[in-house]
1. Hey, if we sort 39, 81 by accessible area with the 1.4 Å probe, largest down, what's the order?
2. Sort 169-177, 56-64 for me by packing, meaning the mean count of neighbouring Cβ atoms within 10 Å per residue, highest on top.
3. With only alpha-carbon atoms in the gyration tensor, what are the semi-axes of the equivalent ellipsoid for the chain, in Å, largest first?
4. With all protein chains present, calculate the accessible area of residue 200 using a 1.4 Å probe and round the result to the nearest 10 Å².
5. Can you give me the convex hull volume of the Cα atoms of segment 100-246, divided per residue and expressed in Å³?
6. Lysine pairs, Cα distance under 16 Å, 8 or more residues apart or cross-chain: how many in the chain?
7. With every protein chain present, what is the per residue accessible area of segment 130-231 (1.4 Å probe, Å²)?
8. Among 97-103, 256-262, what's the highest-first ranking by average C-beta atoms within 10 angstrom per residue?
Amino acid sequence: MLLRHARSLLFLPASNPRAIAKARVLPCDMVLLDLEDAVPDDRKEEALAHAVEAVAGGFGQRLTAVRINVEGAPSHGREMVAMKASAVDYVVLPKVENPKQVKDVFSVCQKPVIAMIESAAGVLAAQAIAATEGCAGLFMGNNDLRQDLGIPPSAGREGLSLSLQSVILAARAARIAVFDGVFNRLDDEAGFEAECAAGHVLGFDGKTLIHPSQVPVANQVFGPDPQAVADARRLIEAATGGAERFEGRMIESMHVEEAKALVTRAEAVGG
């Protein structure tokens, strides 16, 4: 699976072997083993060992990533060296605010880096960050971003709109993947589904998650609609080149390429 085809990207504490074992049978598209916020300082070394062991065992067809700690953290250097020798697919770097942070991690890890945009400075630098060698994708860190922007925790996402769209624009200009931030209210399934739908409409490829119960909804919302895929296949088969009529509308090469991309995404996620 290509990174841009991932719909559900599930964060798990790397210090929790039970959660890691459960993730091997979950229908998420990426398993994200966290060494940062989800792990207490006195368990960082233990978590790193668990993460390396877990990715060595593999997660079937699921993509794997490890979120390391920020530059300057005591464990940052050890984690980068461990990631280079590991079987992990991607390294997630939190709190990115300039391209050099991505460049430095990529130069050591030699693994594609997913940069987390979690501050006003990160949003303003997103275009340069996305264009950096080794940057494979961007994650929104909406919780930290809300705090940095002074948005009340109880507020909706209106205050984040410009930031979300700016990061999507940066990713699209660089031709890399981009994913919406986590949803914290685990008992609000309707709210979660609505936020997934809003993120999908904005242009995010998928959503980062914090609980296994969120996986099915993310897969459904960000996965290609079966009817749309069927329509795309008919369009591809019918197209003969140039502008032409198809089922009551005009299509051209752009629409054919769009249809092919939709079918490819559907096939990547088993649709």
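1. 81, 39
2. Packing proxy ranking, top to bottom: 169-177, 56-64.
3. Over the Cα atoms of the chain, the semi-axes work out to 32, 21, 19 Å.
4. Approximately 90 Å² for this residue.
5. Here the figure is 160 Å³ per residue.
6. Number of lysine pairs found: 5.
7. 46
8. Those peptides, ordered most packed to least, come out 97-103, 256-262.
The values are calculated or read from the model by the stated rules, or taken from the named source; none is laboratory data. All values derive from a computational prediction rather than experimental measurement. Here Cβ is always computed from backbone atoms with ideal geometry, including for glycine, and neighbour counts include all displayed protein chains. Ligands, DNA and RNA are stripped out before the accessible areas are found, and what is left, the full protein with its side chains, is counted by its heavy atoms. Shrake-Rupley method; radii C 1.70, N 1.55, O 1.52, S 1.80 Å.
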